[in-house]
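The values are calculated or read from the model by the stated rules, or taken from the named source; none is laboratory data. No experiment lies behind these values; they were computed from the predicted model shown. Here the Cβ positions follow ideal geometry from the backbone for every residue, glycine too, while neighbour counts run over all protein chains shown.
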């Protein structure tokens, strides 16, 4: 079959085939470029995250160091506070100490002068302690209060209606509203078995032990 007898290829089909191949190549190139751009974006985001992590880690270590320094400073201040918390009280007691030393250094005289000097120092000492919130608990002839008093002895007395303090063996003291030492007392109780156990039970509640004589 010669060239003249071969069937001619349509011009349109040739043109379409020539255009199809370049179009496919452009899509592949575009896909590669898109993949490259995507990888760069991921790497950039990863780098930003690593920088943020490093930044927050630095902040954490800095805050941790600050807190440790604060804790140590608070411990030192607490030690100093405990060491010198009574400095004001000690300073106010110095005049009392001075008066006692003067009384001992004074030449001997009659007993009246010595007693007056001791009474003066005692009054001054009470006033000093009172300025710092220390108050006596002296419940003589008052109703027995187990929250403030410790009964160590009792007497049965007829004709009284409630347990009453008849003698104070040792005064109690309060610092502000807090009891720091109860008063040791002897009480009179109404005759009767129920009333007799009252101060004993109160003493047990105050000291955790029986104080009966």
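From the list 131, 154, pick out the single residue that is within 25 Å of residue 188 (Cβ to Cβ) and either in contact (Cβ under 8 Å) with a residue 24 or more places away in the chain or out of contact with any helix residue (DSSP H, G or I) (no Cβ under 6 Å at 6 or more places or on another chain) (or both).
Exactly one residue qualifies, and that residue is 154.
Out of (1) part of a strand (DSSP E or B); (2) in contact (Cβ under 8 Å) with a residue 24 or more places away in the chain; (3) more than 27 Å from residue 87 (Cα to Cα), the odd one out for residue 169 is which?
(2)
Check segment 3-26 and report whether any residue there is at pLDDT 60 or above, more than 30 Å from residue 133 (Cα to Cα) and in a helix (DSSP H, G or I).
Yes, segment 3-26 contains a residue that is at pLDDT 60 or above, more than 30 Å from residue 133 (Cα to Cα) and in a helix (DSSP H, G or I).
Quick one: which residue in 178, 174 is exposed (fewer than 11 other Cβ atoms within 10 Å of the Cβ) and either closer than 13 Å to residue 145 by Cα or at pLDDT 50 or above (or both)?
Just one listed residue meets the conditions, 178.
For residue 159, are the conditions met, namely being at pLDDT below 85, outside any strand (DSSP E or B) and in the same structural domain as residue 190 (by TED's automatic domain parsing)?
yes
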